[in-house]
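The values are calculated or read from the model by the stated rules, or taken from the named source; none is laboratory data. Remember, predicted model here, so these are calculated numbers, not experimental data. No Cβ is skipped: glycine too gets one built from the backbone with ideal geometry, and neighbour counts run over all protein chains shown. For accessibility, only protein heavy atoms count, side chains too; no ligands or nucleic acids. Shrake-Rupley method; radii C 1.70, N 1.55, O 1.52, S 1.80 Å.
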Amino acid sequence: MRRDAFPIPVVPDLSGTAPHRSLCTDCGISRSSEPQRCATACQFIKPDHAALETRVHGRARDAARPDELHFGPFLSLHRASLAAPREGAQWSGITTRIAERLLESGRVDAVLTMGRDPDDRWRPVPVLVTEPGQLAACRGMKMGYAPLLALLEPARALGHRRLAVIGIPCQVHALRALEAELGFERLYVIGTPCSDNTSTENFYRFLALLSDEPETIDYLEFRADYHVELRQRGVVREIPFLQLPLSRLPADFFPLTCRTCVDYTNVLADITVGYMGGEGEQWLVVRNQRGAELLALLGDEVRLAAPGSAGRRAGAVRGFLANLERAAGGLPLRRMPAWLRPLVGWLMPRIGPRGLEFARARVEMKALETVLHLRREMPRRLRRLVPEHVWRLAAPYGVKPAQGERRESVNDGRPR
Ligand SMILES: Cc1cc2nc3c(=O)[nH]c(=O)nc-3n(C[C@H](O)[C@H](O)[C@H](O)COP(=O)(O)OP(=O)(O)OC[C@H]3O[C@@H](n4cnc5c(N)ncnc54)[C@H](O)[C@@H]3O)c2cc1C
Ligand code: SF4
Ligand code: SF4
């Protein structure tokens, strides 16, 4: 692919290495002029999720409101699609279109988002975009990490005062923690959910298990109907989750960061644009007035509906927990007999949790995964990294804090 096919104006200098930390997704802060700010910004060092929710949205999540325990504070939930889906988008392209509208309407001077390496379609590269037409090249999911926030200082230096950032939760956490000191006049944050990220190199190993020609796969998505969709040479393949070669992946395929990250739904964004509550369409979580303003920018370009919800998640979540516990005890995953898989693969989209119930199930699975993996690999971090709402999500499955694992439970006189 030609390098000049991507007219991208500002990319960071990635020649220096980021300081090594045991839990780090290289969000870019360690590459800034003040890398010590990681200590207060990082969700893996000293998070205070409830305080940040209050600062950003005016209140922390309220477990008494339907679905806030799972999805964080919000004003409204929608099932959504662009009436004219965009070429190259991961779903219909709502994320990029909102950013285009921000530039077109003059609300922002620049958009900070993830482009792709011109020589490697799966490798993310942070970019600062000032022309709406340049955003089309940023559509679609890339796998891996890249230091998005390393471009905040260059954005300031270029004189941009009003900025939009599209980011995954660990990036948005650091951005929000530093928002006040960054000094932008206006900041819009468009978030996507994120789970099970891994390095681009690891991702290629996964693709190689799916195809003899992994380099020709140009789209992959884990859909909410329990299928992975692959696009390769113009052909679409749909593989039921149960048929995936996941057991052939090494135990450290997903880094500990992504196995223990507690913010699946990007709670600190103004609007979250995902798919998992959308039953085959996109799923929007409008979190505050700025998020409502972002959605309104799409006008009648976007079709909205109330999200549906069906099935019961408890059985699926319990099965997931049982496998997590077996893996933690060094036992192989309990796998379904081969003859039964096609039948169950057919049944799951029909009777398994769907719509919002699917999204709740995924959030609960992530909460359980966080606790079990930290307990096994970094037990001393549990107390600091696991917020109260994660314990509440895990409690119905019998996963409860042991002595010293919950922040409030340790009376050692230290400030919290
Ligand atoms: C690793 C990963 C895991 C995800 N897992 C889920 C999930 O489990 N459930 C769910 O509902 N949604 C998930 N998403 C979000 C989902 O894949 C779509 O990106 C989202 O629904 C937006 O679709 P769209 O058509 O509006 O996006 P588009 O208009 O195509 O834009 C996609 C945007 O995502 C950004 N982006 C792409 N790759 C990366 C990356 N590696 N790092 C940071 N930003 C990136 C791009 O900059 C672009 O702005 C995940 C995204 C990523 C990157
Ligand atoms: S703030 Fe970012 S760069 Fe710093 S340790 Fe955390 S993830 Fe890594
Ligand atoms: S799963 Fe969490 S830690 Fe990993 S890349 Fe996504 S947001 Fe970051």
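Select, from 330, 315, 311, the only residue that is exposed (fewer than 15 other Cβ atoms within 10 Å of the Cβ), on the phi > 0 side of the Ramachandran plot and modelled with pLDDT under 95.
After applying the criteria, what remains is 330.
Considering only the range 136-147, state which residues are in a helix (DSSP H, G or I) and near ligand 1 (Cβ under 8 Å from one of its atoms).
Scanning the range 136-147 gives a single hit, 138.
I need the full set of residues from the range 69-96 which are buried (at least 23 other Cβ atoms within 10 Å of the Cβ) and among the basic types (Lys, Arg), in order please.
Once the filter is applied, which keeps residues that are buried (at least 23 other Cβ atoms within 10 Å of the Cβ) and among the basic types (Lys, Arg), the range 69-96 yields nothing.
Mind checking which helices (runs of 4 or more DSSP H) fall wholly inside the range 36-130 and carry at least 3 residues that are within 16 Å of ligand 2 (Cβ to nearest atom)?
Where helices (runs of 4 or more DSSP H) fall fully within the range 36-130 and carry at least 3 residues being within 16 Å of ligand 2 (Cβ to nearest atom), they are 38-41.
Of 150, 155, 174, 164, which residue is in a strand (DSSP E or B), in contact (Cβ under 8 Å) with a residue 12 or more places away in the chain and out of contact with any Ser or Thr (no Cβ under 6 Å at 6 or more places or on another chain)?
164
If you check 65, 55, 61, which single one turns out to be open to solvent by 20 Å² or more (accessible area, probe 1.4 Å) and farther than 15 Å from residue 265 by Cβ?
55
Could you tell me which of the residues 214, 169 is open to solvent by less than 10 Å² (accessible area, probe 1.4 Å) and either within 16 Å of ligand 3 (Cβ to nearest atom) or modelled with pLDDT under 95 (or both)?
Checking each option against the conditions leaves just 169.
Residues 48, 109: which one is acidic (Asp, Glu), at pLDDT 95 or above and open to solvent by 20 Å² or more (accessible area, probe 1.4 Å)?
After applying the criteria, what remains is 109.
Are any residues in the range 230-278 aliphatic (A, V, I, L, M), at pLDDT 90 or above and assigned to a loop (DSSP other than H, G, I, E, B), and if so, which ones?
262, 267, 268, 269, 276
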